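Worksheet for the structure shown next.
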Amino acid sequence: MSELSELSNKSTIADSRKTRMGMLYAILAGPALGLALGLLGTIVGKAPFNLEYPTGGFAIVVLLQVPFGLLAVTVFALISGAHRDIWRVFRSRISWWNTFVATGGFLGDLCYACSVVLVGGAIAGPIGGLFGVVGALIVAWLYKEKINRWSTWVGLFSMGVGIWIILSGGELVSPTHGIYAFVGVLIIILATLVWGFENFAIAAGSDLMPAESFLWWRVGASYVIGFILMWLLFPASHEMARQVYSDPKLIAYGAVVGIGWAIWVIMGYYIGIAYAGGVRGGVMAGTFGFFFIAFFSMTVYGVPFSSIIIIGSIVMFIGAALIITEPKELLAIRRG
């Protein structure tokens, strides 16, 4: 009996260390996303992406973000040895289903880019970061994690207050106002919901195959789907592609956007969720990653600084911290 207890304690300690490592990955990856999508927000309204307003964001994702992101994910898979496991997706129909749900997150990427045209990255970033909370609620419900406690409700209330603060002063840094800004907010909310379901798919899929391999299929499918949609639905994208791939500066921008985004999805999003779980990993990756989009937009990339957005983001941080306060050991006991 004592040996079983000792093994159980060792397993709990190992799970706790893995959880902390996943949360650390999610935090450290945040600045990479901020640099990547902050840059996206600065070039989305400039030539050649302004040829077909407001679909220039769509073109940036398809022409720059996803191709360079796929290259970075492929290199990482080869270096880490994860490429040996990518074919494991064929072994289970559940793996295929989870991959399909995760690939739906590509719609969130497109929605975010289009929203940035209308409201700017300083506003779209903090709102987009709520996807972690959406995913946490889905994962908690399906995995029976008991997060229905006072700190969860206070945390959700705090995040709601943070968003209200951001939007109440959002016109200070938003490129558009009125109905256009309202539509931009609705679009980023849609992105948040889609990413929330992707969060769940990662948490479920990582039980069946390594997160790195799972990610390769998600980005690869996005690459194919994105180019098909762009060439069929947006005639101006043909001219955008010609100008983008003939301009070394735009290609360099694409490398920053795509590789920075890939670092975040590898470290903070997929591995962070695989290690720390859909609740903690998702909340940390979303809140910290998307905060840095707003922060770098207003510091590095020249968007007018807004203390309102910083204050709102801090309030959101407090809410996220309250949501993920329950110890992993207690969750493991309740699952059992």
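Does any residue of the stretch 188-205 turn out to be modelled with pLDDT under 80 and either among the polar types (S, T, N, Q) or in contact with a Ser or Thr (Cβ under 8 Å, 6 or more places away or on another chain) (or both)? Yes, the stretch 188-205 has at least one match.
G105 satisfies every condition listed in (1) in contact with a Ser or Thr (Cβ under 9 Å, 6 or more places away or on another chain); (2) buried (at least 22 other Cβ atoms within 10 Å of the Cβ); (3) at pLDDT below 85; (4) not acidic (D, E) except (3). You will find that of F58, F49, F68, the residue that is over 19 Å from the mean Cα position of the chain (by Cα), buried (at least 20 other Cβ atoms within 10 Å of the Cβ), within 30 Å of A294 (Cα to Cα) and modelled with pLDDT of 80 or more is F49 and no other. Return a yes/no flag: does the stretch 136-156 have any residue that is within 29 Å of T42 (Cβ to Cβ) and either of a type outside the set (D, E) or at pLDDT below 75 (or both). The answer is no, given that none of the residues of the stretch 136-156 is within 29 Å of T42 (Cβ to Cβ) and either of a type outside the set (D, E) or at pLDDT below 75 (or both). Would you confirm, using the coordinates I've provided, whether T74 is modelled with pLDDT of 90 or more, hydroxyl-bearing (S, T, Y), assigned to a helix (DSSP H, G or I) and surrounded by fewer than 24 Cβ atoms within 10 Å (Cβ to Cβ)? When the stated conditions are applied, T74 passes them.
Residue-by-condition table, conditions (1) surrounded by fewer than 23 Cβ atoms within 10 Å (Cβ to Cβ); (2) assigned to a loop (DSSP other than H, G, I, E, B); (3) among the aromatic types (F, W, Y):
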| site | (1), (2), (3) |
| --- | --- |
| V185 | yes, no, no |
| N199 | no, no, no |
| F214 | no, no, yes |
| V219 | no, no, no |
| I228 | yes, no, no |
| G260 | no, no, no |
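Right, I79: β-branched (V, I, T), out of contact with any strand residue (DSSP E or B) (no Cβ under 7 Å at 6 or more places or on another chain) and surrounded by fewer than 17 Cβ atoms within 10 Å (Cβ to Cβ) or not? It is true that I79 is β-branched (V, I, T), out of contact with any strand residue (DSSP E or B) (no Cβ under 7 Å at 6 or more places or on another chain) and surrounded by fewer than 17 Cβ atoms within 10 Å (Cβ to Cβ).
Would you check which residues across the stretch 228-251 are under 30 Å from G205 (Cβ atoms) and at pLDDT 90 or above and list them?
If the condition is that a residue be under 30 Å from G205 (Cβ atoms) and at pLDDT 90 or above, then I228 is the only one that fits.
Among the residues of the stretch 275-290, which ones are crowded, with 24+ Cβ neighbours inside 10 Å and more than 13 Å from L33 (Cβ to Cβ)? Step through it out loud before you land on a result.
Just the residues of the stretch 275-290 that are crowded, with 24+ Cβ neighbours inside 10 Å, to begin with: 276-290.
Hits for the stretch 275-290 are A276, G277, G278, V279, R280, G281, G282, V283.
Of the candidates Y269, Y245, the single residue that is touching a residue at least 60 places away in the same chain (Cβ under 8 Å), within 15 Å of L64 (Cβ to Cβ) and of a type outside the set (A, V, I, L, M, F, W, C) is Y245. Picking from residues in the stretch 82-100 that are under 21 Å from the mean Cα position of the chain (by Cα) and closer than 29 Å to A241 by Cβ, the one that is surrounded by the fewest Cβ atoms within 10 Å (Cβ to Cβ) is F100. Please find, within the stretch 293-312, the residue that is farthest from A32 (Cα to Cα) out of those that are surrounded by 24 or more Cβ atoms within 10 Å (Cβ to Cβ) and at pLDDT 85 or above. The qualifying residue farthest from A32 (Cα to Cα) is G312.
The values are calculated or read from the model by the stated rules, or taken from the named source; none is laboratory data. None of the values given here were measured: they were computed from a predicted structure. Don't worry about glycine lacking a Cβ; one is built from the backbone with ideal geometry, like all the others, and counts go over all protein chains shown.
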